[in-house]
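**Student:** Next up is a structure, given as structure tokens.
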Amino acid sequence: MSTTVFARPKLQLFGVATGYVVRKIGLSDLTDALRLGWEDFKAIPTHAVVLCVIYPVLGLVIFRAVLGHSLLPLLFPLAAGFTLIGPFAGLGLYELSRRRERGLDVGAWDAMHVLRAPSFGAILGLGVFLFVLFGVWIATADVIYIATFGYEAAASIPDFATRVLTTAEGWTLIIVGCGVGFLFAVVALCVSVVSFPLMLDRHATAIDAVRTSLEAVRMNPLPMAAWGLIVAALLAVGSLPAFIGLCVVLPLLGHASWHLYRKLVEPDPNPPQEEPERPIGHRYAADFPASLFPWSRER
């Protein structure tokens, strides 16, 4: 494996030490991360599909809403926007991979343990940033379409496809839209490639997590560019059959992102001991709904 360790004892970025050591990786590490992600998915496929089924369902809802409300030009930007919010949406999958890596029992509800992570506030804050970025992207895509074609909506999917693929304005829309979308994707990749796994695993602050992510991209420009292309290609393939393929693609990418984080950031030499879990025991009707969240009960 081509992974090499960044020699400095601490990551220095913008004059501030974060304490997280970033490694250099090679393209072979990307394929290895995907392989390990696929192994995680095969080990817990039911859990992964349950966690991610909302995305193809959301895609179908978006598709129907677009057809019903003449928002057809935003269908592609909405689908492409999954790349912007995907790092936050994969939190539950990171937790499942983390637990499996440590040899712990993995169940569907174990993904909900992210809610009691010490850094959950920082995770939520960075997640809000990605959702804002997603909203700005959708607004920008709408402005680009209006600037190209005006306010007149396409009458149908064939009409829209004809406009976009057979006119000079359509090709302008494709080139400008993809170029601007690429910039949004680069921003999301740079700030989040290791941020969420790092906050979940090492309880990092949002600022330190983003700094570490930026440094990982700076040190590994070619592998990170290749990773971005892999993510975009897999999401495109998964979106083609009415978004149903995302049931496999999203969990695969979520698990693989955890293993990519492991390759990019040197592990904690003194990891905290996993807190022993309380046996489930008997549950009673009077405990509902608190019994759905066992970590909320006093030990």
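**Student:** Return a yes/no flag: does the range 240-247 have any residue that is hydrophobic (A, V, I, L, M, F, W, C), surrounded by 17 or more Cβ atoms within 10 Å (Cβ to Cβ) and in a helix (DSSP H, G or I).
**Tutor:** Taking every residue of the range 240-247 in turn, at least one turns out to be hydrophobic (A, V, I, L, M, F, W, C), surrounded by 17 or more Cβ atoms within 10 Å (Cβ to Cβ) and in a helix (DSSP H, G or I).
**Student:** Still on this structure, I have one more. Considering only the range 143-161, I want to know if a residue exists there that is modelled with pLDDT of 90 or more and touching a helix residue (DSSP H, G or I) at 6+ places or on another chain (Cβ under 8 Å).
**Tutor:** Yes, there is a match, as at least one residue in the range 143-161 is modelled with pLDDT of 90 or more and touching a helix residue (DSSP H, G or I) at 6+ places or on another chain (Cβ under 8 Å).
**Student:** Moving on. Can you pull out the residues in the range 114-128 that are surrounded by 18 or more Cβ atoms within 10 Å (Cβ to Cβ) and assigned to a helix (DSSP H, G or I)?
**Tutor:** Selection gives VAL114, ALA122, ILE123, LEU126, GLY127.
**Student:** Return the total of residues in the range 138-171 being part of a helix (DSSP H, G or I), hydroxyl-bearing (Ser, Thr, Tyr) and over 19 Å from LEU78 (Cα atoms).
**Tutor:** Within the range 138-171, residues that are part of a helix (DSSP H, G or I), hydroxyl-bearing (Ser, Thr, Tyr) and over 19 Å from LEU78 (Cα atoms) number 2.
**Student:** Then there is this: Looking at the range 131-144 only, could you name the residues that are crowded, with 16+ Cβ neighbours inside 10 Å and free of Cβ contacts under 8 Å to residues at least 40 places away in the same chain?
**Tutor:** Correct list: ILE144 only.
**Student:** Turning to a different aspect of this structure: Name the residues in the range 199-238 that are crowded, with 19+ Cβ neighbours inside 10 Å and outside any helix (DSSP H, G or I), would you?
**Tutor:** Residues satisfying the conditions are ALA204, ASN220.
Rundown of residues vs (1) of a type outside the set (A, V, I, L, M, F, W, C); (2) without any contact (Cβ under 8 Å) to a residue 24 or more places away in the chain; (3) exposed (fewer than 13 other Cβ atoms within 10 Å of the Cβ), yes/no style:
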site	(1), (2), (3)
ILE146	no, yes, yes
GLU152	yes, yes, yes
PHE160	no, no, no
LEU165	no, yes, yes
LEU173	no, no, no
GLY179	yes, yes, yes
VAL191	no, no, no
PHE196	no, no, no
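**Student:** Any residue at all in the range 186-198 that's part of a helix (DSSP H, G or I) and in contact with a Phe, Trp or Tyr (Cβ under 6 Å, 6 or more places away or on another chain)?
**Tutor:** Within the range 186-198, one or more residues are part of a helix (DSSP H, G or I) and in contact with a Phe, Trp or Tyr (Cβ under 6 Å, 6 or more places away or on another chain).
**Student:** I've got another one for you. Within the range 118-130, does at least one residue satisfy the condition of being touching a Gly at 6+ places or on another chain (Cβ under 6 Å) and touching a residue at least 60 places away in the same chain (Cβ under 8 Å)?
**Tutor:** Looking through the range 118-130, none of the residues is touching a Gly at 6+ places or on another chain (Cβ under 6 Å) and touching a residue at least 60 places away in the same chain (Cβ under 8 Å).
**Student:** For the range 122-131, state whether one or more residues are modelled with pLDDT of 90 or more and closer than 30 Å to TYR151 by Cβ.
**Tutor:** Checking the range 122-131: at least one residue is modelled with pLDDT of 90 or more and closer than 30 Å to TYR151 by Cβ.
The values are calculated or read from the model by the stated rules, or taken from the named source; none is laboratory data. Being a predicted model, the structure only gives us computed values, none of them experimental. Here Cβ is always computed from backbone atoms with ideal geometry, including for glycine, and neighbour counts include all displayed protein chains.
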